[in-house]
1. Along its principal axes, what span do the Cα atoms of the chain show, with the longest given first and each in whole Å?
2. Please list, ordered by chain and number, the residues whose modelled amide H lies under 5 Å from the amide H of His167; skip anything fewer than 5 residues away on the same chain.
3. Would you mind checking which residues have amide H under 5 Å from Ala214's amide H? H placed 1.01 Å from N; only 5 or more apart, or other chain.
4. In the stretch 174-222, what chymotrypsin sites (Phe, Trp or Tyr not before Pro) fall in a loop by DSSP, with at most 16 other Cβ atoms inside 10 Å?
5. Each residue of the stretch 261-276 in turn: what ³J(HN,Hα) in whole Hz from Karplus with 6.51, -1.76, 1.60 and θ = phi - 60°, glycine and Pro shown as x?
6. Short version: ³J(HN,Hα) in whole Hz for each residue of the stretch 77-92, in order, from phi by Karplus 6.51 cos²θ - 1.76 cosθ + 1.60 (θ = phi - 60°), x for Gly and Pro, what are they?
7. Given Phe204, Pro314, Gly13, which one lies farthest toward the positive end of the charge dipole of the chain, if we put +1 on the Cβ of every Lys and Arg and -1 on the Cβ of every Asp and Glu?
8. Just the accessible area per residue of the chain, please: how many Å² with a 1.4 Å probe?
Amino acid sequence: MEPVLDLAGIGFGPSNLALAIAVEEHALPVRARFFERQQRFGWHRGMLLEDATMQVSFLKDLVTLRNPTSGFSFLCYLRDRGRLIDFVNHKNLFPLRKEFHDYFEWAAARVGHHVSYGVEVSQVRTCAEGFEFTAGDQDVRTRNLVLATGLEANLPDGIEAGDRIWHNKDLLTRVDTLKDPRQVVVVGAGQSAAEAVAFFHDRFPGAEVHGVFARYGYSPADDSSFANRIFDPAAVDDFYAAPEEVKAKLMGYHANTNYGVVDGDLIEELYRRVYREKVVGRQRLLLHNTSRLTGVTTDGKCVVESLADGSRLPIDADVIVYATGYRPANPVRLLGDLAGHCARDERGRLQVTRDYRVVTDDGLRGGIYLQGGTEHTHGITSSLLSNTAVRVGEILDSVLRRVARHHSEFTLHAVQ
């Protein structure tokens with residue numbers, strides 16, 4: 001069999017990509033392998049709109065907050081692509097999303113020797129060293145698992161994706177199937193919803209575009225300097241140590257830094273479009289506030305119902321796009337029966353140590369680490385890019401401490 005790994009990463013999005021880079025940069029050799037079901041690296045490809053920008057500074061890339069001298073930084077990527085001076089002259093902290101995705105692909109290619117693409121992980125079980133599992137046609141043994149299984153698309157109860165009903169994650173991969181649509185409906189009030197509304201309004205000048213949301217209007221994201229401290233690495237320590245009631249308050253206070261909010265510039269642009277169309281007398285951008293979508297059928301028929309007065313507007317839509325966010329994937333579902341060895345709190349949530357390791361009973365010798373699914377313990381940056389570089393450094397340090405302890409115990413046992 002292949003040598004026992006120090007860590008096996010399941011999933012290869014930005015989080016485990018950053019971990020692979022940390023492994024590559026570590027002073028001592030680390031046996032690591034990452035396993036990804038996609039055939040190549042990809043991150044929200046369906047929403048890589050040409051004019052969509054990142055909501056985090058380029059300095060919160062895969063490495064800089066952990067190692068500012070890293071050759072894997074966004075600035076090194078720009079130099080390699082011949083755009084460093086152009087980017088500096090641009091005077092912008094927030095790159096295009098397409099550009100940041102290209103940065104991720106550039107970095108992923110440089111650590112590709114650590115990754116197995118196009119494989120499914122199954123049959124995770126315990127072994128003397130920690131865990132063993134099957135990945136494609138490989139049998140893998142590892143002392144530690146790092147699970148980065150990402151997020152799952154969230155659709156309202158009773159709604160299923162189909163030819164005319166999409167989640168926004170599939171926007172760009174399916175939009176070419178639309179031929180001169182007349183009615184488009186977008187459900188949601190967050191950044192992705194607003195971007196989808198603007199996209200359809202631009203792409204199909206003959207279509208009426210309906211935005212449907214329960215709020216009175218799009219709410220701006222709070223990206224002020226003090227509020228952004230909720231994304232600082234030190235904020236993870238504060239959140240982790242806080243009582244449950246304080247955790248809940250902090251999430252409530254600062255939800256508008258990330259959830260269901262829209263960049264101010266995009267809000268202003270959509271308002272300008274609505275007003276301009278009122279002036280010229282041809283209104284095809286229609287924003288239905290304090291409303292909900294009901295009576296949705298698989299062929300696109302639906303009703304916009306006002307929450308204020310109960311009035312109803314039937315629409316025969318060519319497509320209905322739900323920009324209704326994501327939910328965390330069950331991070332331990334790959335473990336099967338082994339998940340029963342993972343400790344949970346009184347609300348059924350996984351118990352996680354400060355170094356992102358799941359608390360387990362004595363039945364599991366290996367360590368299980370989470371990248372995502374720790375919002376209840378570590379705060380708002382659980383699945384965000386803001387703290388990724390620091391988080392992977394902490395996970396790698398913890399893994400290597402456990403590996404060193406394992407070797408010490410093995411040596412002591414051999415001597416005895």
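The values are calculated or read from the model by the stated rules, or taken from the named source; none is laboratory data. Remember, predicted model here, so these are calculated numbers, not experimental data. Note that we place each Cβ from the backbone using ideal geometry, even for glycine, and neighbour counts take in every protein chain shown. These area figures cover heavy atoms from the full protein model, side chains too; ligands, DNA and RNA do not enter into them. Shrake-Rupley method; radii C 1.70, N 1.55, O 1.52, S 1.80 Å.
1. In descending order, the Cα extents are 88, 50, 45 Å.
2. Residues meeting the criterion, in which the H sits 1.01 Å from N, are Tyr322.
3. Ser291
4. Those satisfying the criteria are Tyr216.
5. Values, residue by residue: 10, 9, 4, x, 4, 6, 4, 4, 5, 5, 5, 4, 5, 4, 5, 4 Hz.
6. These are the phi-based 3J(HN,Hα) values: 4, 4, 4, 5, 8, x, 10, 4, 5, 4, 5, 4, 5, 5, 6, 9 Hz.
7. Value: Phe204.
8. Computed with neighbouring chains in place, this is 49 Å² per residue.
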